[in-house]
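Everything below concerns the one structure shown next.
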Amino acid sequence: METYVGIDIGKTNLRVAAGGLAPGSAVYFKRTYERGSPEQMDHQVYQAVDDILAKGETPKPSLASIGICMPAVVSRTSGHIVWGPDFDFLRGHSLTKALEERYGVPVAVDVDSRAASWGEVWAGIGRTCGRFALVTWGTGLGAGMIVDGKPYEGPNNLFAEFGHSVVSDDDWPCSCGAAGCLNALVTGPAIAEHGRRAVMAGRDSIIKDLCDNRPEAVTSPMIFTAAERGDAVALAILGRIGLLLGRLASNLVLTFQPEKIVLVGGLAERAHWVLRTINETMRKQNWLIFKGQTECEVVASALGDTAGVLGAIRMAQEKWLRAGRGHSS
Ligand SMILES: [Zn+2]
């Protein structure tokens, strides 16, 4: 039976999964990686592919295709990074060429948020819903737009990018070059920054104790810990995050009337802190909803941070089918 391998290269972790045509059979692991030379990166990816194939107890020859994704604009044809400020060390290097040569199989590549969209289509919310939006909430804020069961594919290797929408007057800088976009205000590093500013402003909060009164030591888990203990400052920070994401959700409903908006990514397991505010904000601000013209619900993904790597498997299957391999077996 053919095996498909998915690889999701994050900013610090490498996620790898292998499976067949049905999502339930996939095996998975996550490990950190070293940011060295492109050759070193290739070697770490090879090791991960070999290890996942061994884990699935599948002999190498049955490998049909590989899908790979990362948080960068990547050429879907050559595998080169077109734009990726976090991946300067891979500049000029093709993510797919070395894999194709080593394993002799087709390799599909795309941005991680589009891979996560495929993951939800294949193994998550897409099983019961054909029209939805995806928000990857973690160290960044990725986006996906799925219509008729298919993730939107933009021209020039582009994709939905509403994670960089500006929905407030805050002018915090973002790596995209804009000031005050959602990516700068609601992600993991942004949640830490909200806490840091509260400590620096001398706000009465247990965040101050958690960081030993050192603002530079504030992390996003500290904000969630403080919120769990009922800290008013931490709860206000998460309330603000929910409000901003709620405005985004409302804008998405105005744009293309998704039935659901699904939060995936590293922070999705914390979504219960923001979902209520997101849904309340969206319903209060959106005339299509309060006039009963459409309905939408923002929910947390059941796939968590495996959506991307499962989607990479789905991309691999698509590539294999397009290569005409499906007809010969
Ligand atoms: Zn931005």
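The values are calculated or read from the model by the stated rules, or taken from the named source; none is laboratory data. It should be emphasised that the depicted structure is a prediction, and the values quoted were computed from it without experimental measurement. Using ideal geometry, Cβ is built from the backbone for each residue, glycine included, and neighbour counts are taken over all protein chains shown.
Exactly one residue out of Ile191, Ile146 is part of a strand (DSSP E or B) and either more than 16 Å from the ligand (Cβ to nearest atom) or outside the structural domain of Phe87 (by TED's automatic domain parsing) (or both), and it is Ile146.
Among the residues of the range 130-143, those identified as part of a loop (DSSP other than H, G, I, E, B) and either at pLDDT below 95 or not charged (D, E, K, R) (or both) are Gly130, Gly138, Thr139, Gly140. A residue that is within 16 Å of Thr139 (Cα to Cα), assigned by TED's automatic domain parsing to the domain that holds Leu243 and more than 15 Å from the ligand (Cβ to nearest atom) occurs somewhere in the range 198-219. Within the range 24-49, the set of residues being in contact with a Lys or Arg (Cβ under 8 Å, 6 or more places away or on another chain) and over 22 Å from Pro71 (Cα atoms) comprises just one member, Val27.
Every residue, every condition in (1) at pLDDT 95 or above; (2) in the same structural domain as Ala312 (by TED's automatic domain parsing); (3) surrounded by 14 or more Cβ atoms within 10 Å (Cβ to Cβ); (4) more than 16 Å from Gly308 (Cβ to Cβ), yes or no:
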position	(1), (2), (3), (4)
Asp8	yes, yes, yes, no
Lys30	yes, yes, yes, no
Glu34	yes, yes, no, yes
Val45	yes, yes, yes, no
Lys55	no, yes, yes, yes
Ile66	yes, yes, yes, no
Pro85	no, yes, no, yes
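With respect to the conditions (1) in the same structural domain as Leu14 (by TED's automatic domain parsing); (2) modelled with pLDDT of 95 or more; (3) surrounded by fewer than 23 Cβ atoms within 10 Å (Cβ to Cβ), Arg283 lacks only one, and its number is (1).
Do you know which residues across the range 156-188 are within 8 Å of the ligand (Cβ to nearest atom) and surrounded by 20 or more Cβ atoms within 10 Å (Cβ to Cβ)? Once the filter is applied, which keeps residues that are within 8 Å of the ligand (Cβ to nearest atom) and surrounded by 20 or more Cβ atoms within 10 Å (Cβ to Cβ), the range 156-188 yields Gly163, Cys174, Cys181, Leu182, Asn183, Ala184.
In the range 117-127, is there at least one residue being within 16 Å of the ligand (Cβ to nearest atom) and part of a helix (DSSP H, G or I)?
No, the range 117-127 contains no residue that is within 16 Å of the ligand (Cβ to nearest atom) and part of a helix (DSSP H, G or I).
Residue pairs whose Cβ atoms lie under 8 Å apart, sitting 6 or more positions apart in sequence or on different chains, and linking a residue in the range 299-319 that is more than 11 Å from Leu263 (Cβ to Cβ) to a partner that is assigned to a helix (DSSP H, G or I) and of a type in the set (Asp, Glu), are Gly308/Asp112; Gly311/Glu120.
So, Glu153, is that one in a loop (DSSP other than H, G, I, E, B) and more than 15 Å from the ligand (Cβ to nearest atom) or not? Taking the combined requirement at face value, the residue satisfies it. When residues in the range 97-120 are screened for being basic (Lys, Arg) and free of Cβ contacts under 8 Å to residues at least 24 places away in the same chain, 1 of them pass. Pairs linking a residue in the range 164-179 that is of a type outside the set (A, V, I, L, M, F, W, C) to a residue that is in a loop (DSSP other than H, G, I, E, B) and within 7 Å of the ligand (Cβ to nearest atom), with Cβ atoms under 7 Å and 6 or more positions apart or on different chains, are His164/Cys174; His164/Cys176; His164/Ala178.
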